[in-house]
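Reading through the structure tokens given below for one structure.
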Amino acid sequence: MLLWGYELRNAFFGIDQIAEPPRIVSFAAKTNDEKTKYFSEYHHDRERMLLELSRTLDDADALVAWNLPFDDTWIRGEIREAGFEEPTPYIKYDLMREFHKGVRYPSKKLDYAARRFIEDSKSPVSALKIWLEIKAAEKAGNEVGLRRLWNKFRKYNIQDVDLMPVIYETYRDWLKPIINQNVYAEDGVLVCRSCGSDRLHKRGLYIAPSGTTYQVWRCECRAQTRSIHRIKGVQGR
Ligand SMILES: [Zn+2]
């Protein structure tokens with residue numbers, strides 16, 4: 001988005017001050033274990049990028065993003081404006097929210113989680129800074145510089161996406177599964193809700209406030225699963 005303003009402090013912008021409406025200029029996405037794909041209005045063109053974005057959502061059973069309500073609504077707004085059909089429904093999994101559920105850290109930024117918990121040593125990067133440099137290179141007609149900056153943009157975009165599965169794997173036991181794997185299991189067979197393995201070990205009982213007692217199982221991936229069938233009466237641990 002490009003805005004005209006009068007002051008820096010406590011600035012308020014009205015709709016008449018919008019010089020260029022906001023838009024998505026690139027995206028990176030990963031499907032299961034496949035290599036992360038990337039599309040941008042520079043490396044491809046805007047139409048192709050939005051087509052790929054709309055296809056990605058349409059094909060997805062679940063969409064995982066850091067601060068998903070932000071990205072998801074922007075994406076939907078843009079693909080709708082571009083004339084694409086509404087994607088088929090998908091599970092919305094906000095990794096930022098799930099990662100911070102029941103725990104407190106000083107920052108919710110992906111960059112913070114990467115540096116503190118994943119020991120990802122990449123230097124912090126400002127997307128806005130690169131974007132301003134891209135605009136300056138465009139204005140100067142500096143094609144070589146433009147390519148270098150866009151490639152930098154691509155690199156950081158992809159890095160951010162690649163970080164998410166690492167966070168999910170590292171904290172599998174703490175995070176709600178994206179899709180409960182029992183939906184794919186045979187009838188009557190209990191599998192780990194997180195990874196789908198049937199190598200489960202008994203780990204005591206969970207007594208719900210209502211008094212219903214469930215068997216708790218722990219998987220080799222560390223995630224816990226409760227039996228679907230409740231145990232009648234309290235049993236010894
Ligand atoms: Zn598991």
| note | Going through Lys35/Lys92; Lys37/Lys202; Lys37/Lys108 one by one, the pairs whose alpha carbons sit over 32 Å apart turn out to be Lys37/Lys202
| message | Helix-only mean residue ellipticity at 222 nm, the chain, DSSP H runs n ≥ 4 weighted -39,500 (n - 2.57), per residue, nearest 500. What is it? | response | -11500 deg cm²/dmol
| request: Provide the per-residue ³J(HN,Hα) series for segment 171-184, in order, calculated from phi with Karplus coefficients 6.51, -1.76, 1.60 and θ = phi - 60°, each as a whole number of Hz, with x at glycine and proline positions. | output: 10, 3, 6, 9, 9, 4, x, 5, 10, 5, 5, 5, 5, 9
| query | For segment 156-184 and segment 1-41, what is the separation of their C-alpha centers, rounded to whole Å? | reply | 26 Å
| remark: Between the modelled labels at Arg172 and Asp120 (7 Å from Cα along Cα→Cβ) the distance in nm is 1.9 nm
| request: Compute the length gained on full extension between Ala127 and Arg222: take 0.36 nm times their separation in residues and subtract their Cα-Cα distance, giving the result in nm to one decimal. | output: 30.6 nm
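In terms of solvent-accessible area of protein heavy atoms at a 1.4 angstrom probe, what is the ranking of Thr56, Thr225, highest value first? List each step's numbers first, then the result.
Working: Thr56 25, Thr225 5 Å².
Accessible-area ranking of Thr56, Thr225, largest first: Thr56, Thr225.
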| Under the classification rounded if a/c is under 1.5, otherwise prolate if a/b is larger than b/c and oblate if not, where does segment 1-123 fall, given a ≥ b ≥ c as square roots of the Cα gyration tensor eigenvalues? | oblate
| field | Per residue accessible area in Å² of segment 61-187, where ligands, DNA and RNA are left out and the probe is 1.4 Å | value | 65 Å²
| So how much accessible area does Arg147 have, in Å² to the nearest 10, using a 1.4 Å probe? | 120 Å²
| What order do Val144, Val25, Val189 take when sorted by accessible area (1.4 Å probe), most exposed first? | Val144, Val189, Val25
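If I compute solvent accessible area with a 1.4 Å probe over the protein chains, what percent of it on the chain is carbon and sulfur?
The value for the chain is 51 percent carbon and sulfur by accessible area.
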| Area accessible to solvent at His201, 1.4 Å probe radius, in Å² | 90 Å²
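Expressed as a fraction of 2.2 N^0.38 Å, the rule-of-thumb size for a compact globular protein of N residues, what is the C-alpha radius of gyration of the chain?
Working: Rg = 22.6 Å, N = 237, 2.2 N^0.38 = 17.6 Å.
With N residues counted in the chain, Rg over 2.2 N^0.38 Å equals 1.28.
All other residues with a Cβ under 14 Å from the Cβ of Asp198 taken together, and with Lys, Arg as +1 and Asp, Glu as -1, what is their net charge? List each step's numbers first, then the result.
Working: positive: Arg193, Arg199, Lys202, Arg218; negative: Glu186, Asp187, Glu220.
Spelling it out: positives minus negatives among the neighbours equals +1.
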| task | Taking the Cα centre of the chain as origin, work out the dipole magnitude from +1 charges on Lys and Arg Cβ and -1 charges on Asp and Glu Cβ, in debye rounded to 20. | result | 1360 debye
| request: Compare the Cα positions of Ala29, His43, Ala19 along the charge dipole of segment 16-55 (+1 at Cβ of Lys, Arg; -1 at Cβ of Asp, Glu; about the Cα centre) and return the one farthest towards the positive end. | output: Ala29
| field | Unit charges at the beta carbon, dipole of the chain: most positive-side option, Gln215, Ala60, Trp150 | value | Gln215
| said: Quick check: net charge around Glu133, other residues with Cβ under 10 Å of its Cβ, Lys/Arg +1 and Asp/Glu -1? | reply: +3
| Distance (nanometres) between label positions extended 7 Å along Cα→Cβ at Asp45 and Leu8 | 4.0 nm
| request: Tell me the label-point distance for the pair Asp58, Lys135, using the 7 Å Cα-to-Cβ offset, in nm and rounded to one decimal. | output: 3.4 nm
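Write out the trypsin sites (Lys or Arg not before Pro) in segment 1-38 meeting two conditions: DSSP loop, and at most 10 other Cβ atoms within 10 Å of their Cβ.
On the way: sites: Arg9, Arg23, Lys30, Lys35, Lys37; in loops: Arg9, Arg23, Lys30, Lys35.
Loop-located and lightly packed - Arg9, Lys35.
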| Magnitude of the charge dipole, segment 97-237, Cβ model with Lys/Arg +1 and Asp/Glu -1, debye to 20 | 500 debye
| request: Would you mind calculating the gained length between Thr212 and His100 on full extension (0.36 nm times residue separation, minus the Cα-Cα distance), in nm to one decimal? | output: 37.5 nm
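Could you tell me what percent of the DSSP beta bridges with both partners in segment 1-120 are antiparallel, to the nearest 5?
Working: 6 of 10 bridges.
Antiparallel bridges: around 60 percent, rounded to the nearest 5.
The values are calculated or read from the model by the stated rules, or taken from the named source; none is laboratory data. Remember, it's a predicted structure, so these values are computed and weren't measured experimentally. Cβ coordinates were reconstructed from backbone atoms using ideal geometry, including for glycine residues, and neighbour counts include every protein chain displayed. We work out accessible area using only protein heavy atoms, side chains counted, and drop any ligands, DNA or RNA first. Shrake-Rupley method; radii C 1.70, N 1.55, O 1.52, S 1.80 Å.
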